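The structure under discussion appears below in the form of structure tokens.
The values are calculated or read from the model by the stated rules, or taken from the named source; none is laboratory data. The shown structure was predicted, so the numbers you read here are calculated from the model rather than taken from an experiment. FYI the Cβ positions are ideal-geometry reconstructions off the backbone, even for glycines, and counts take in every protein chain you see.
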Amino acid sequence: MLKVKSVIIGISVVVIVSLLVFLANIGIFFTPVATEMVTGPYTFVYEEFIGDYKESGVVFDRIYKAMEDEGIKTERGIGIYFDDPKVVPADKLRSHCGIIIEEKDLDKVPELEKKFKVGQIEKAESVVVEFPIKGSLSYMIGPMKCYPVMGEYANEKGYNMTTTYEIYDEASKKILFVMGIVE
């Protein structure tokens, strides 16, 4: 009986430690910090998407593939989110999902504009919160941890909330949550 209890305790400890390591690895214990910095300018190719933000991954995949077919390689995606999912029903959420055109490919923009939607974000002073990319769950955990920090920072500083966007920087393995500053 004592041996069975020891095995059960041992397995329980291994499961709990494994779970904690897993949670730490995906960033659940990461503490995001808001900072102010100049962001942009960005030129990006995008598709409009209406629906649950969680379902936008297929749109990003489609844009990445289309740009690859156009000979454009990028490691930075961009998602612009217009609605607060706490207020707007999931099936009505509006976003633009796309990729940032790197400086080396900016000369291709006139051709891209013939086939795709192209947008601009101007250089601006912004509130930025970084979150590490440690796997696909980072894209779900990041917003839950970073938007409250961004909102609290903006409130403390007396900034009005504007449309926010996220930059998915695969090369640097981080997501930047960005909100332009409006005083």
Taking Val149 as the residue in question, decide whether it is assigned to a helix (DSSP H, G or I) and among the β-branched types (Val, Ile, Thr).
yes
Any residue in region 41-55 that is assigned to a strand (DSSP E or B), within 17 Å of Met144 (Cβ to Cβ) and either touching a residue at least 12 places away in the same chain (Cβ under 8 Å) or out of contact with any helix residue (DSSP H, G or I) (no Cβ under 8 Å at 6 or more places or on another chain) (or both)?
no
For region 135-168, give me each residue that is surrounded by fewer than 17 Cβ atoms within 10 Å (Cβ to Cβ) and of a type in the set (D, E, K, R).
Glu152, Glu156, Lys157
Does Phe131 qualify as being surrounded by 19 or more Cβ atoms within 10 Å (Cβ to Cβ) and touching an Asp or Glu at 6+ places or on another chain (Cβ under 6 Å)?
no
Those residues of region 152-168 which are aromatic (Phe, Trp, Tyr), more than 22 Å from Thr74 (Cβ to Cβ) and not in a helix (DSSP H, G or I), in sequence order:
Tyr159
Does Thr43 qualify as being over 22 Å from Ile141 (Cα atoms) and modelled with pLDDT under 95?
no
Those strands (runs of 3 or more DSSP E) lying entirely in region 63-125 with at least 1 residues modelled with pLDDT of 95 or more and over 19 Å from the mean Cα position of the chain (by Cα)
117-121
For region 169-183, how many residues meet the condition of being within 19 Å of Thr74 (Cα to Cα) and either surrounded by 15 or more Cβ atoms within 10 Å (Cβ to Cβ) or of a type in the set (Lys, Arg) (or both)?
6
Region 146-163 residues that are touching a residue at least 60 places away in the same chain (Cβ under 8 Å), paired with ones that are among the acidic types (Asp, Glu) and surrounded by 15 or more Cβ atoms within 10 Å (Cβ to Cβ) (beta carbon under 9 Å, 6 or more apart):
Cys146/Glu130; Cys146/Glu166
When the residues of region 164-183 are narrowed to those that are without any contact (Cβ under 8 Å) to a residue 40 or more places away in the chain and not hydroxyl-bearing (Ser, Thr, Tyr), which ends up nearest to Leu93 (Cα to Cα)?
Val182
Scope region 130-146; condition among the hydroxyl-bearing types (Ser, Thr, Tyr) and either modelled with pLDDT of 90 or more or not in a loop (DSSP other than H, G, I, E, B) (or both); matching residues
Ser138, Tyr139
